[in-house]
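The values are calculated or read from the model by the stated rules, or taken from the named source; none is laboratory data. None of the values given here were measured: they were computed from a predicted structure. Note: ideal-geometry Cβ built from the backbone for every residue, glycine included; neighbour counts use all protein chains shown.
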Amino acid sequence: MADSGKLLSQLADRISYLIDIKGNSEWSNVGDLLGRIQWLRQSLFEIKEADLFEEIDRIEDRISFLEDRVAEKLGPAEIVNIVRSPQRFTLMDILENVYDSYTELGGEGDCNIDPAIMVARATISRRVKNKLYSHHVMVIGHEKGRGEEYRNGGCARPWGNDKALRYMRVAETEGIPIHFYIFTPGSYPIEDYPGAAQQIARNLYVMAKLKVPMVSFISEGGSGGAEAIGVSGLRLMGSRGYYSVISPEGAAAIEGKIREGEKVPRELVEHCAVQLKITAEDNLKLGTVDRIIEEPPLGARRDDFPFFRRLRYEILRATDEVVLKTKNFRAFRAYALKRRKEEGKEVPEDFDLFISWSLTDLEIERLIEFRLKKYMELGNGYFLENKNVLTEGIRKTKIFASKTYYDLRYGLLRPHRRNVQKVIEEVSSEGSVFLRKVTEPVMAAYDFIFPQPERPGKVVRSEGPEHRSIFAEEWESYVSPLANEDRTVTCPNASKYGCLDLWVPDLYGEFCGVCPNCGHHFPLEYQWYLENLFDKNSVHEFNDHIASCNPLDFQGYDVRLKKDIKRTGRNSSMITFDAEVWGLRLVVAMLFSNFRGGTVGTAEGEKFVRACDVAGTTRRPLLAYIHSTGGIRIHEGTLGVVQMPKCTLAVREYNDNGGLYIVVYDNNSYAGPVASFLGCSLYQFGIRSSRIGFAGPRVIRETTGQDVPPDYHSAKNALKRGHIQGIWDRREFKKNLHDALMTLGGPNLYYK
Amino acid sequence: MDINLNDLLRRYRSYPFEDYPVKTPHTGVVFLKVKEGQTVKGPSGEWLQRPGTLLYVIERERNVKRMTALWSGQVSEICLDIEGQFVEAGELLFSIRHQLDKEEIIDRILTQVLYILPAPQRARYLLAPEISARMEKQPKEGVSVGPGDEVLIMSLMKRDTVISYEGVPGALYKVYFKSGDTVEQESPLLGICPPDKLRYVQKVIQRIRTEWEK
């Protein structure tokens, strides 16, 4: 009878799991089956034993049949349900079953900075020819918490990601590899310090150059939250996991233009889950993950020990591969590893290969180089680029020529000239001091005998740029087409500050779109900035041949994309160009709102990376002016998400080579880009009336269940939280930018 | 302070409304969006971020302004003849008859009955430690203050200034601010009730709280 109770309990779990996967209990009457089991459990002692076991066998057969049916046609929406099931394995199960021992760091259970992020110092071992070898690793991941509320479903708060970063640095200090386990539906969207977006950006920036091998495993990869601990030399993914730019429900709400509070139709959610290409196979095809770890057909659960054995083997092999790439002598071992891979799906008992995970300085350099190379290649081939052999040849020759020229001019000759100048200065200073000592008594005697009347000193003009009114230039060159209407508008702050109605030609002409009473900035088109911020005729666009496309064949997206291309006359939402600000040359990457809401996809990412390269080669400062951005483009799925680490790595490389990267936010800047290549900037500024954040008010309300004040994302609050370094007035933009370029940055810039 | 509380109560009982006139802020052509007797809602949300019901639209120089209700209530005395007409600034369009709830009535009665100490300037205010300690020990109705008593500390530009009470002696009946909050100039800080009226006021308020319907 005791056995039958256990069996019934197991069967009930299997049915609950099927209900979780299908999302309802009406499918194939599984709800009735569950009811039958409950009844059997209650009347365990009233039924004859033989009848009971017969009934159990019948139910088990039925469940096995249903499981096979589900496994046969497993859609992306059902995979999402598998991942969200409380029966799915969590990080704690991995720590207990994959690693030999572990010590949790940064708190335990609910006594923790953020229980959604779990950090542990663990030991993992392998047997080679009957000898046991142990490796120490740092394990960082999300813990969904087996249902505990305090884990917050694996949604890391900003301070949780900060904790992860702290222990990444500990691993770097101790020189041990890091294993990341991603089990998050997304980051918790709050702006409290350190801020969801800013902290993810900081994590990406540090992970770009972390001097230890890193391997990540994705079970539930929810966009930015996943990237916060996702940069690695090799990315593994569970065969029943999902990795997506947005939850299917979120995508459905956007696609279906569902109002807040209304229910999203189930069919639309399923449609979006298919369109977003979120499964492991899809991601492997797209190149956003490197390898799939096979799970049972309906996904691994908490007691799936053969899966944990496989995971242990794969994680060891993956770390070996990352390490081995950096070694000088690796041919035989790499071959052995490869052979292992080809041997089949069986997990071997012992490893017959030992690879030390400690790295020399040279190997660390190679490790970082490989990481950079790997991420720079992500998403390549998923944007349109009109290139043929000739144009590609010309482009490469141009790059080579400019690199050689600038390396010679600023890399070789200038340091030499600086050294010579320094020596001359030193010698002349020494000489002047020596001469003064000799001539001083003579001069004193001369002055005493022939006293000279005192003359007023000459006025020295400062070398700074002559201050010119922006209005004069504006009248000369460009007036916003918004000014062509003969009507008035009301300032949104009129009830608060008593602003009078503004005549549109005045507002968008003389006032530069700024309320003269309260200073509210009305939005202006990006062309206004192109014309007024930079010197006349100094803007030269490059890489305008790179165009956005529909890499996932997202249904209906082609039409919308074509419409935007026709309307804006541009191929992507990013414009990259060379420009000058009062004679000072710089490279600019501009995201503008008119094209798909300023969202970032593969084309935009590639353009940004190339702008970083140009700025790095020419030793010019790099300005990211964000007219508006709505985040990562959902229609490009994870190809868009991987632009976050890709662009951040490019920024890190540029900064480390002595560049100056300034970000200026205008209008609305949200989500992925702010949580990566924008938020990682050391110098961020906001134009007045701009809004900066991770998620908009609706997403915050739906995720956290709490409303946020209307000014939650305002530039002023972003400044208070330390996310930006200053607020600039649009009318002073040019002057402020010039000042920033002159005062910030290191000596590697061409003009310093 | 010679106010008859019974008269006040009778007045609120016979007409428990406050009429808020809705006037045009400036010249323009007006299009009404409400009807006589229609119930309208004021701004809502924790920060009053959701605007109230759309009342009317006024257009001037092709600038169409949507004017929303600032109070909840019923539209009354609507001037239908101005629909689609050009009006001057300050033209009365209609009134919003706002039904006062019991807390609003209590507030109104208290403002007339109590001696109000207003904020001399925009600053952070704190209760004097002695008053604060006494309030913790005994119910606030029992804390008595008299002329010359130090009741508040005004904290402005890192300088704390003690504010002495100079009104009629009485019991500290209501504190209108949270200790440490920034209070605007002329906003009420404290409400002091003369001792002879204290019991009577308490009784009236008790009556309103128990007897009033809403």
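Numerical summary
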| read-out | value |
| --- | --- |
| Condition met for residue A:541 (in the same structural domain as residue A:579 (by TED's automatic domain parsing), surrounded by fewer than 21 Cβ atoms within 10 Å (Cβ to Cβ) and assigned to a helix (DSSP H, G or I)) | no |
| Lone qualifier among A:145, A:153, A:160 - being without any contact (Cβ under 8 Å) to a residue 40 or more places away in the chain and either in a helix (DSSP H, G or I) or out of contact with any Phe, Trp or Tyr (no Cβ under 6 Å at 6 or more places or on another chain) (or both) | A:153 |
| Search result, residues across the range A:165-212 that are part of a helix (DSSP H, G or I) and under 30 Å from residue A:81 (Cβ atoms) | A:196, A:197, A:199, A:200, A:203, A:204 |
| Inter-residue pairs, beta-carbon under 9 Å, first on the phi > 0 side of the Ramachandran plot and in the range B:142-160, second surrounded by 15 or more Cβ atoms within 10 Å (Cβ to Cβ) and in a strand (DSSP E or B), 6+ apart | B:157/B:123 |
| Every pair of residues 6+ apart whose Cβ atoms lie under 7 Å, when the first sits in the range A:238-251 and is without any contact (Cβ under 8 Å) to a residue 40 or more places away in the chain and of a type outside the set (Phe, Trp, Tyr) while the second is surrounded by fewer than 24 Cβ atoms within 10 Å (Cβ to Cβ) and part of a loop (DSSP other than H, G, I, E, B) | A:249/A:264 |
| Qualifying residue in the range A:85-102 (condition: touching a helix residue (DSSP H, G or I) at 6+ places or on another chain (Cβ under 6 Å), in a helix (DSSP H, G or I) and within 28 Å of residue A:219 (Cβ to Cβ)) | yes |
| All positions within the range A:544-555 that are at negative phi and assigned to a loop (DSSP other than H, G, I, E, B) | A:544, A:545, A:548, A:549, A:550, A:551, A:552, A:554, A:555 |
| Of all residues making up the range A:356-397, the number that are closer than 26 Å to residue A:552 by Cβ, in a loop (DSSP other than H, G, I, E, B) and hydroxyl-bearing (Ser, Thr, Tyr) | 1 |
| Selected residue (criterion: nearest to the other protein chains (Cβ to nearest Cβ)) from residues of the range B:37-48 that are part of a loop (DSSP other than H, G, I, E, B) and closer than 19 Å to residue B:66 by Cα | B:48 |
| Filtered residues of the range B:89-104 (kept if surrounded by fewer than 16 Cβ atoms within 10 Å (Cβ to Cβ), more than 14 Å from chain A (Cβ to nearest Cβ) and over 14 Å from residue B:42 (Cβ atoms)) | B:90, B:92, B:103 |
| Residue check, residue A:588 among the β-branched types (Val, Ile, Thr) and surrounded by fewer than 16 Cβ atoms within 10 Å (Cβ to Cβ) | no |
| Hits in the range A:303-323 (condition: surrounded by fewer than 17 Cβ atoms within 10 Å (Cβ to Cβ) and either acidic (Asp, Glu) or in contact with a helix residue (DSSP H, G or I) (Cβ under 9 Å, 6 or more places away or on another chain) (or both)) | A:303, A:305, A:309 |
| Pair list, Cβ under 6 Å, 6 or more apart: the range A:281-302 residue surrounded by fewer than 20 Cβ atoms within 10 Å (Cβ to Cβ), other residue part of a strand (DSSP E or B) | A:284/A:292; A:290/A:234; A:290/A:235; A:291/A:236; A:292/A:237; A:292/A:239; A:294/A:239 |
| Condition check for residue A:408: within 41 Å of the chain's Cα centre (by Cα), free of Cβ contacts under 8 Å to residues at least 40 places away in the same chain and not assigned by TED's automatic domain parsing to the domain that holds residue A:549 | yes |
| Near pairs, Cβ below 6 angstrom, 6+ apart or cross-chain, from the range A:122-133 (in the same structural domain as residue A:95 (by TED's automatic domain parsing)) to any residue that is modelled with pLDDT of 90 or more and aromatic (Phe, Trp, Tyr) | A:122/A:99; A:122/A:102; A:124/A:99; A:126/A:133 |
| Of residues in the range A:591-621 being more than 17 Å from the chain's Cα centre (by Cα) and among the aromatic types (Phe, Trp, Tyr), the one surrounded by the most Cβ atoms within 10 Å (Cβ to Cβ) | A:592 |
| Looking only at the range A:476-532, and only at residues there that are in a loop (DSSP other than H, G, I, E, B) and of a type in the set (Phe, Trp, Tyr), the one that is farthest from the other protein chains (Cβ to nearest Cβ) | A:478 |
| Residue match in the range A:270-280 (condition: surrounded by fewer than 20 Cβ atoms within 10 Å (Cβ to Cβ), within 19 Å of residue A:21 (Cα to Cα) and out of contact with any Pro (no Cβ under 7 Å at 6 or more places or on another chain)) | yes |
| Any hit, the range A:43-61, residues being on the phi < 0 side of the Ramachandran plot, of a type in the set (D, E, K, R), crowded, with 19+ Cβ neighbours inside 10 Å and outside the structural domain of residue A:313 (by TED's automatic domain parsing) | no |
| Unmet requirement for residue A:440, which otherwise passes all of (1) at pLDDT below 80; (2) acidic (Asp, Glu); (3) surrounded by 10 or more Cβ atoms within 10 Å (Cβ to Cβ); (4) more than 30 Å from residue A:505 (Cβ to Cβ) | (1) |
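Results for (1) of a type in the set (A, V, I, L, M); (2) at pLDDT 80 or above; (3) under 30 Å from residue A:750 (Cα atoms), shown as yes or no for each residue.
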residue: A:343; (1), (2), (3): no, no, no
residue: A:349; (1), (2), (3): no, no, no
residue: A:363; (1), (2), (3): no, yes, no
residue: A:413; (1), (2), (3): yes, yes, yes
